[in-house]
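The values are calculated or read from the model by the stated rules, or taken from the named source; none is laboratory data. Values in this document were obtained by computation on a predicted structure and should not be read as measured data. Every residue, glycine as well, gets a Cβ built from its backbone with ideal geometry; the counts of neighbours run over all protein chains shown. Keep in mind that these areas ignore ligands, DNA and RNA; they rest on the heavy atoms of the full protein, side chains included. Shrake-Rupley method; radii C 1.70, N 1.55, O 1.52, S 1.80 Å.
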Amino acid sequence: MQSAVQPVTVHASQYPAAVTADLWAGLRGRAIPGKFHYGTPRQAQKWLELHHRYAPSNRDAGCGAAFDAGFAAAIPGVGRGRQIEVVGLCCGDGAKEARLLAGLLAAGKQPVYRPGDGSLPLVLAAALAAPAGIAREHIHPWVADLATADDLAPAILPAGGTAKRGRLVTCFGTLHNLPVAGIGRRLAAWLRRGDQLLLSTNLLPAPGDAATRERIRRQYDNPLTHEWLGLFLADLGIPTSAGAFHTSLEACPEGTGLTRVVITFRFARDCGLRLPGATFRFRAGTRLQLFYSYRYTAEALAGLLAPHGLKVTGQWQSPSGEEGVFLVRRE
């Protein structure tokens, strides 16, 4: 029987004042941080529906084999001891982490599981999805904004007393939704020397092929995605009838050479928004960026990680080439 109580650690990046400041900054800059699309139970449920229908990891029948290969390569490297820490960065619903944890249990390990995300509903879902072989007192969910949380407190990523434990960090399906600038530095800051990192990201298999680019664009330009992003607008009091969604592929504004999918809401009429302590006005024609998702190449990802002591030691791709799984070690 599941416990009626699940303690959750909350990082300062998700305290109410910080969330409000991030929202106002996003509205003023006309670019909404991604975390605002996962925070409520309705948003989390709609995102899960969208993810299961369109994400390459679910749409590509052979993608599961790439993850299984990554798990099989990572498990022998977690150390000889039985205890192992598994830290889930942006764990979502924790489905992939649950498969990894099951593999660790089968290998005779005793995982301590720390699932983390910016969304409390998703963190709780991940904690509850952990295999039954992990004691509840060994599951420590946490909430933080990984786009801004440079310092994850010892309560979230303890280093001192657990230094003798092997640690395996996961970052599945999230890297492409984080700013490219500083991503290598940020990942390195979250890892101890000797830690292994299993990450996955969406890839652009043929950067110069127009048909491939259009197929990827259509994965995001659909009614279900609009419904999901529209929940954020509706919660603010902005009806989707006030404008229209537009989806495009564009070059990375940071000059990395990467391509990203961008979804904006373009106002068709003037619209005012009054929040406690702040008022915003959107003129007809204003573009409000709601979402972006980078498409990496394996070479570009390795190049971003290497200057920070992060070495790719294994990589696997789905048959379509749209999803990549990478095993990384901090040296």
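Rundown of residues vs (1) over 18 Å from the mean Cα position of the chain (by Cα); (2) of a type outside the set (D, E); (3) buried (at least 23 other Cβ atoms within 10 Å of the Cβ); (4) closer than 29 Å to P16 by Cβ, yes/no style:
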| residue | (1), (2), (3), (4) |
| --- | --- |
| A129 | no, yes, no, yes |
| A153 | yes, yes, no, yes |
| R167 | yes, yes, yes, no |
| H176 | no, yes, no, yes |
| A181 | no, yes, no, yes |
| L187 | no, yes, yes, yes |
| R193 | yes, yes, no, no |
| A210 | yes, yes, no, no |
Exercise. Of everything in the range 1-38 that's part of a loop (DSSP other than H, G, I, E, B) and of a type in the set (S, T, N, Q), which residue is most open to solvent (accessible area, probe 1.4 Å)?
Worked result: Q2
Exercise. Looking only at residues in the range 199-215 that are touching a helix residue (DSSP H, G or I) at 6+ places or on another chain (Cβ under 9 Å) and hydroxyl-bearing (S, T, Y), which one is farthest from G64 (Cα to Cα)?
Worked result: T201
Exercise. Which one of the conditions (1) loosely packed, with under 15 Cβ neighbours inside 10 Å; (2) without any contact (Cβ under 8 Å) to a residue 12 or more places away in the chain does P158 fail to meet, given that it meets all the rest?
Worked result: (1)
For this session: Would you please list the contacts, defined by Cβ atoms under 6 Å and residues six or more apart or on different chains, that run from a residue in the range 17-46 that is closer than 24 Å to R287 by Cα and touching a residue at least 12 places away in the same chain (Cβ under 8 Å) to a residue that is buried (at least 19 other Cβ atoms within 10 Å of the Cβ) and small (G, A, S)?
Result: K35/G118; Y38/A44; Y38/S119; G39/S119
For this session: Among the helices (runs of 4 or more DSSP H) lying completely within the range 208-306, list those that include at least 3 residues that are closer than 28 Å to F326 by Cβ and at pLDDT below 95.
Result: 210-220, 298-305
For this session: Give me a count of the residues in the range 221-235 that are of a type in the set (A, V, I, L, M) and open to solvent by 30 Å² or more (accessible area, probe 1.4 Å).
Result: 1
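Every residue, every condition in (1) closer than 18 Å to A147 by Cα; (2) in contact (Cβ under 8 Å) with a residue 60 or more places away in the chain; (3) acidic (D, E); (4) surrounded by 13 or more Cβ atoms within 10 Å (Cβ to Cβ), yes or no:
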position: C252; (1), (2), (3), (4): yes, yes, no, yes
position: I263; (1), (2), (3), (4): no, no, no, yes
position: F267; (1), (2), (3), (4): no, no, no, yes
position: G285; (1), (2), (3), (4): no, no, no, no
For this session: Out of the residues in the range 149-177 that are modelled with pLDDT under 75 and either assigned to a helix (DSSP H, G or I) or of a type in the set (A, V, I, L, M) (or both), state the one that is nearest to A73 (Cα to Cα).
Result: A163
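Right, G77: at pLDDT below 95 and over 20 Å from the mean Cα position of the chain (by Cα) or not?
yes
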